[in-house]
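See below for the structure under consideration.
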Amino acid sequence: MLQRNVAAVPQRSGTGSSDNPYLKHRGVRGARFAFSSVLAVCCVIPAGDGQNLVTEDVTVVEGDVATISCRVKNSDDSVIQLLNPNRQTIYFRDFRPLKDSRFQLVNFSNSELRVSLTNVSISDEGRYFCQLYTDPPQEIYTTITVLVPPRNLVIDIQKEIAVEGEEIELNCTAMASRPATTIRWFKGNKELTGKSEVEQWSDMYTVTSQLLLKVGREDDGVPVICLVDHPAVKDLQTQRYLEVMYKPQVRVSQNYPVQGLTREGEPLELTCAAFGKPQPTDMRWLRVDDEMPQHVVVSGSNLLISNLNKTDNGTYRCEASNAVGKSHADYMLFVYDSRAGEEGSIRSVDHAVVGGVVAVVVFAMLCLLIILGRYFARHKGTYFTHEAKGADDAADADTAIINAEGGQNNSEEKKEYFI
């Protein structure tokens, strides 16, 4: 079969069949015309099962270098060649007939043909064939897949400046990628969920993800991040900082008295603090449900009453406003009698004295109980009687009875002692 194919190849004058590089594949280098004529023959070699050839698929990012390797498991010095997706010979052994200089020989031996392809583009994607000239011929293919990272990543925000409580729309677009990009959203460190749409243009994909976000004052200055997940690129992201306007937050604090009661005849000083975006431009004090007393002095954010009296009782309000809205904070004033704090301190002293006296009395009673207990413990069970006095000194029982009877006659001497 191989000889018949070779015989059909036209030969240039002066070059015999014995000089044909296809028949004498050890001497390829001096016969370029004859080799170029053989290309058509190579392309029609019937494919075997590729059982002796080994290769791997290649995935490469556009613009990078792809390496194709055709390896022989059990080499018998047969010819190895590499063909492109159009079945044009890239390398025949270590010779490159293809004019594309991006293909370069990396390694050639009886067991391997390894070729690199620089500056890979999408047009290079497809099947590349490894052929081994055995009997029968063998063929196996490897697939080059080209990845294209997104060309641009852009966030478009519906409103540059939002107002607290509004829902705004953000769109992130990843253009011209291959395969399609996955877009993820983050607000600070918290991941959010968006809705993506994919458009295909030829072999390229454009992905747009929409995010609806309800903003609050805590979101002001927080970054919203659009992050791309794509096999051709790492850590590709873009971000926009939120700008949120909100109405003032108002707080009233008591400067004097620092602690304790607000009593008649003493001064009272209050301060109002307001924060918002934009910063509040209008701030005022008022008395709720009544007119402000004439002796009250208001200076900017401060309110001063130099001499409190009970007619000053009531609720005092600080209001602040900006372009977004108005807020307020209240202070409830109750004026006590001038001696209210002193009577309280006297009562507290009296309570302390009474408590001390009670403690001393309890301690004294405990000590007395302990002493009495020890005394009774020492004399427990002592009992004396003079009844039958002298019976212990009798020589025998009869004498003892006589002595005891004699003792009974003397009734005035019979006594008992019990302790």
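Using mean Cβ contacts within 10 Å as the protection proxy, how do 87-96, 253-262 order, highest first?
Ranked from most to least packed, the peptides come out as 87-96, 253-262.
How large is the dipole of the range 120-161 about the Cα centre if only Lys and Arg carry +1 and Asp and Glu carry -1, each at its Cβ, rounded to the nearest 20 debye?
180 debye
Output ³J(HN,Hα) for the range 198-212: one whole-Hz value per residue in order, computed from phi by the Karplus curve 6.51 cos²θ - 1.76 cosθ + 1.60 with θ = phi - 60°, and x for Gly and Pro.
Karplus-based 3J(HN,Hα) across the range 198-212 equals 10, 10, 10, 10, 6, 9, 10, 10, 10, 10, 10, 10, 10, 10, 9 Hz.
Net charge near F334: determine it from the other residues with C-beta under 12 Å of the C-beta of F334, scoring Lys and Arg +1 and Asp and Glu -1.
-1
For a quick protection proxy, order the peptides 207-217, 150-160 by their average other-Cβ count within 10 Å, most packed first.
Packing order, densest peptide first, comes out as 207-217, 150-160.
Starting from the Cα of E243, step 7 Å along the direction of its Cβ; do the same at E269; then give the gap between the two resulting points in nm.
3.9 nm
Quick one: pull the percent of accessible area on the range 183-318 belonging to carbon and sulfur, 1.4 Å probe, ligands and nucleic acids left out. Don't jump to the answer; show the numbers that get you there.
Values: 3660 of 8050 Å².
Using a 1.4 Å probe with all protein chains present, the range 183-318 comes out at 45 percent carbon and sulfur.
What fraction, in whole percent, of alpha-carbon pairs in the range 188-345 exceed 18 Å separation?
71 percent
Give me the net charge for the shell around V163: Cβ to Cβ below 15 angstrom, other residues only, Lys and Arg +1, Asp and Glu -1.
Within the 15 Å Cβ shell, the charges total -3.
Find the accessible area per residue for the range 136-284; the probe is 1.4 Å, ligands and nucleic acids are left out, and the unit is Å².
Ligands and nucleic acids excluded, the result is 55 Å² per residue.
What is the sum of charges, Lys and Arg at +1 and Asp and Glu at -1, for the other residues whose Cβ falls under 11 Å from the Cβ of L286?
My count for the surroundings of L286 gives -2.
Using alpha carbon coordinates only, what is the Rg to Rh ratio of the range 178-241, with Rh defined as the Kirkwood radius?
1.03
Give the residues of the range 191-222 whose amide nitrogen is closer than 14 Å to a point set 7 Å from the Cα of V154 in the direction of its Cβ.
Residues 206-209 fall inside that zone.
Provide the FRET efficiency to the nearest 0.05 for the Q279-D337 pair, computing r from the beta carbons and using R0 = 56 Å. Write out the running numbers ahead of the final one.
Working: r = 42 Å, r/R0 = 0.75.
Result of the calculation: an efficiency of 0.85.
Can you compute the modelled spin-label distance between K326 and T134, with each label point 7 Å from Cα toward Cβ, in nm?
Taking the simple label geometry, K326 and T134 are separated by 9.4 nm.
Using 21 Å as the Cα-Cα cut-off, could you pick out the over-long pairs in K214/K247; K159/K247; K73/K99?
K73/K99
The values are calculated or read from the model by the stated rules, or taken from the named source; none is laboratory data. Predicted model only: the values in this text are computed from it and were never measured. In this analysis, Cβ positions are derived from the backbone assuming ideal geometry, glycine residues included, and neighbour counts consider all displayed protein chains. We work out accessible area using only protein heavy atoms, side chains counted, and drop any ligands, DNA or RNA first. Shrake-Rupley method; radii C 1.70, N 1.55, O 1.52, S 1.80 Å.
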